[in-house]
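In what follows, a single structure is set out as structure tokens and then discussed.
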Amino acid sequence: MRLNLIIYCLSFLTLISCGGDHSEAKLNTLKTVSELTGTPREAMSILIFEHSDSCDLSGPVISITENTDCGSLTDRTAWSTSINGKCTNIQDVSASEACWQTKLSTSTLIFEHSDSCDLSGPVISITENTDCGSLTDRTAWSTSINGKCTNIQDVSASEACWQTKLSTSTLIFEHSDSCDFSGPVISITENIDCGSLTDRTAWSTSINGQCTNIRDVSASEACWQTKLSTSTLIFEHSDSCDLSGPVISITENIDCGSLTDRTAWSTSINGKCTNIRDVSASEACWQTKLSTSTLIFEHSDSCDLSGPVISITKNTDCGSLTDRTAWSTSINGKCTNIRDVSASEACWQTKLSTSTLIFEHSDSCDLSGPVISITENTDCGSLTDRTAWSTSINGKCTNIRDVSASEACWQTK
């Protein structure tokens, strides 16, 4: 009987309890990340299992990320959850409620019809990118911040949203000198286009909870001012970083190549203004990225910024670069004349030491074949028709048992 029970447990790919003593055993037929790498697994994954009490990866699985809309999961079920590799057989609830539960201790939530943060009713998740202004027609009875529930004065969800952002955000108030939330408020995030705010006004600003009654200016100028000390900005028609003229914000995801028709007369990096040689905004943009970015140069062995350049970020789809070439690379300002290869292969090479990759048709992590990059937002369930022969985790290649890419993906998470 004991032997049969052990054989039965071997059919699972997750940590489950077996035997009369209920001892936990690692019975994975596909090795865990920590066993593959010899290092502790990173805290990176929350999974919900619909039809399994023991976190069986062969059934339907839902990956919960920062951007998951828990409210969209009301029609799906949750039988168990895995948080950072720890499997828990939970009370069977909707996947929506289970999703909210996993977010409770690390998120800001607004509850519309509950004074006690009841997850079974309508819940609104407040993230950095939430547009509080869009919540004027919804209500707020209580809030939960990092697991602490507060029964608040009943207000609009919009006002409650702004209130939760107050201590950690940069806000512009259009018609108030004292940062009054009952009027129009503009949230300034990393990706906001300050140039789009020229028709709006700014009477006061709040930065991390400190309210300042400023000189009344356009919201655009006030926006740029709040970004000045922490951002990289290019000024088109000013040698002295004048915020009243056209300004270009350089972020991680900006496409410098799209700026060839614009000019650069000066730059400001973290508040330091430099009158540069007048060049295209594209070249100036690449120059500001040089010391902190990974760049591929198509037609230059010496990282010449005046030619075509490809910026490689964590979200770059290396597989889309098969028709482009790579003659040299620059990583954090260090230029290397590489063997001429496709930009796709060069891209994968730059990601190798810091990424999780699945190789479809290679047991030895050959970058010249099809490669799948596994990120926090990868939908493992979409990979059922693809295969996995080997994996590379932070540069360590492992020839795994051949399985579907979906199963290998879930295992890495």
query: Checking Asn191 against (1) modelled with pLDDT under 95; (2) outside the structural domain of Ser306 (by TED's automatic domain parsing); (3) farther than 30 Å from Ser105 by Cα, which test does it fail?
result: (3)
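Here is a check on your reading of the model: is Leu135 closer than 24 Å to Thr74 by Cβ, crowded, with 19+ Cβ neighbours inside 10 Å and under 28 Å from the mean Cα position of the chain (by Cα)?
On the way: closer than 24 Å to Thr74 by Cβ: yes; crowded, with 19+ Cβ neighbours inside 10 Å: yes; under 28 Å from the mean Cα position of the chain (by Cα): yes.
Against the criterion (closer than 24 Å to Thr74 by Cβ, crowded, with 19+ Cβ neighbours inside 10 Å and under 28 Å from the mean Cα position of the chain (by Cα)), Leu135 qualifies.
Would you call Arg324 out of contact with any Ser or Thr (no Cβ under 8 Å at 6 or more places or on another chain) and more than 24 Å from Ser58 (Cα to Cα)?
Numbers: out of contact with any Ser or Thr (no Cβ under 8 Å at 6 or more places or on another chain): no; more than 24 Å from Ser58 (Cα to Cα): yes.
So Arg324 does not fit the description; no.
Just checking, which of Thr212, Thr274, Thr201 is polar (S, T, N, Q), closer than 30 Å to Lys314 by Cβ and at pLDDT 95 or above?
Details: Thr212 fails: closer than 30 Å to Lys314 by Cβ; Thr201 fails: closer than 30 Å to Lys314 by Cβ.
Only one candidate passes the filter, namely Thr274.
Would you mind finding the one in Thr356, Thr329 that is at pLDDT 95 or above, in contact with a strand residue (DSSP E or B) (Cβ under 6 Å, 6 or more places away or on another chain) and of a type in the set (S, T, N, Q)?
Residue meeting the stated conditions: Thr329.
Just one of Thr170, Thr226, Thr150 is in contact with a strand residue (DSSP E or B) (Cβ under 9 Å, 6 or more places away or on another chain) and over 30 Å from Ile254 (Cα atoms); which is it?
Only one candidate qualifies: Thr150.
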message: Name the single residue that is farthest from Leu57 (Cα to Cα) among those in the stretch 69-113 being part of a strand (DSSP E or B) and aromatic (Phe, Trp, Tyr).
response: Phe111
field: Single residue of Lys148, Lys165 found to be within 24 Å of the chain's Cα centre (by Cα) and basic (Lys, Arg)
entry: Lys165
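Considering each residue of the stretch 53-96, count those that are of a type outside the set (D, E, K, R) and more than 30 Å from Asn129 (Cα to Cα), and give that number. If you could, list the steps in order and put the result at the bottom.
Initially, the stretch 53-96 is screened for residues of a type outside the set (D, E, K, R), giving 54-55, 57-65, 67-68, 70-74, 77-85, 87-91, 93-96.
Okay, now just the ones that are also more than 30 Å from Asn129 (Cα to Cα), so 54-55, 57-59, 79, 87-91.
Going through the stretch 53-96 one residue at a time, the tally reaches 11.
So that you can scan it fast, the table gives a plain yes or no per residue for (1) over 19 Å from the mean Cα position of the chain (by Cα); (2) at pLDDT below 90; (3) outside the structural domain of Glu50 (by TED's automatic domain parsing):
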| site | (1), (2), (3) |
| --- | --- |
| Gly307 | yes, yes, yes |
| Ile310 | yes, no, yes |
| Leu321 | yes, no, yes |
| Cys335 | yes, no, yes |
| Gln349 | yes, no, yes |
| Ser373 | no, no, yes |
| Lys396 | yes, no, yes |
| Ser406 | yes, no, yes |
query: For the stretch 314-413, list the strands (runs of 3 or more DSSP E) that sit wholly inside it and hold at least 2 residues that are surrounded by 16 or more Cβ atoms within 10 Å (Cβ to Cβ), free of Cβ contacts under 8 Å to residues at least 40 places away in the same chain and of a type in the set (Gly, Ala, Ser); which are they?
result: 325-331, 387-393
field: Every residue from the stretch 43-68 that is touching a residue at least 60 places away in the same chain (Cβ under 8 Å), part of a loop (DSSP other than H, G, I, E, B) and buried (at least 18 other Cβ atoms within 10 Å of the Cβ)
entry: Ser45, Leu57
- request: Considering every residue within the stretch 221-243, establish whether at least one is more than 27 Å from the chain's Cα centre (by Cα), at pLDDT below 90 and not assigned by TED's automatic domain parsing to the domain that holds Val123.
  value: yes
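Is it the case that Ser142 is of a type in the set (S, T, N, Q), outside the structural domain of Ile62 (by TED's automatic domain parsing) and touching a strand residue (DSSP E or B) at 6+ places or on another chain (Cβ under 6 Å)?
Values: of a type in the set (S, T, N, Q): yes; outside the structural domain of Ile62 (by TED's automatic domain parsing): yes; touching a strand residue (DSSP E or B) at 6+ places or on another chain (Cβ under 6 Å): yes.
It is true that Ser142 is of a type in the set (S, T, N, Q), outside the structural domain of Ile62 (by TED's automatic domain parsing) and touching a strand residue (DSSP E or B) at 6+ places or on another chain (Cβ under 6 Å).
Among the residues of the stretch 103-121, write down those that are surrounded by fewer than 19 Cβ atoms within 10 Å (Cβ to Cβ) and within 25 Å of the chain's Cα centre (by Cα).
Within the stretch 103-121, the subset surrounded by fewer than 19 Cβ atoms within 10 Å (Cβ to Cβ) is 104-107, 112-116, 118, 120-121.
Hits for the stretch 103-121 are Leu104, Ser105, Thr106, Ser107.
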Scope the stretch 190-220; condition farther than 20 Å from Ser244 by Cα, surrounded by fewer than 18 Cβ atoms within 10 Å (Cβ to Cβ) and in contact (Cβ under 8 Å) with a residue 40 or more places away in the chain; matching residues: Asn208, Gly209
- prompt: What is the residue count in the stretch 149-176 for residues that are in a strand (DSSP E or B) and polar (S, T, N, Q)?
  reply: 5
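How many residues, within the stretch 208-220, are part of a strand (DSSP E or B) and out of contact with any Cys (no Cβ under 8 Å at 6 or more places or on another chain)?
Residues of the stretch 208-220 part of a strand (DSSP E or B): 210-218.
So of that shortlist, the ones also out of contact with any Cys (no Cβ under 8 Å at 6 or more places or on another chain) come out as 210, 212-218.
Of the residues in that region, 8 qualify.
Can you confirm whether Cys179 is outside any loop (DSSP other than H, G, I, E, B), over 21 Å from Val247 (Cα atoms) and either at pLDDT 90 or above or touching a Ser or Thr at 6+ places or on another chain (Cβ under 7 Å) (or both)?
On the way: outside any loop (DSSP other than H, G, I, E, B): no; over 21 Å from Val247 (Cα atoms): yes; either at pLDDT 90 or above or touching a Ser or Thr at 6+ places or on another chain (Cβ under 7 Å) (or both): yes.
No.
The values are calculated or read from the model by the stated rules, or taken from the named source; none is laboratory data. On a predicted model such as this, the values are computed, not experimentally measured, just so you know. Reconstructed Cβ throughout: ideal geometry from the backbone, glycine too, with neighbour counts over all protein chains shown.
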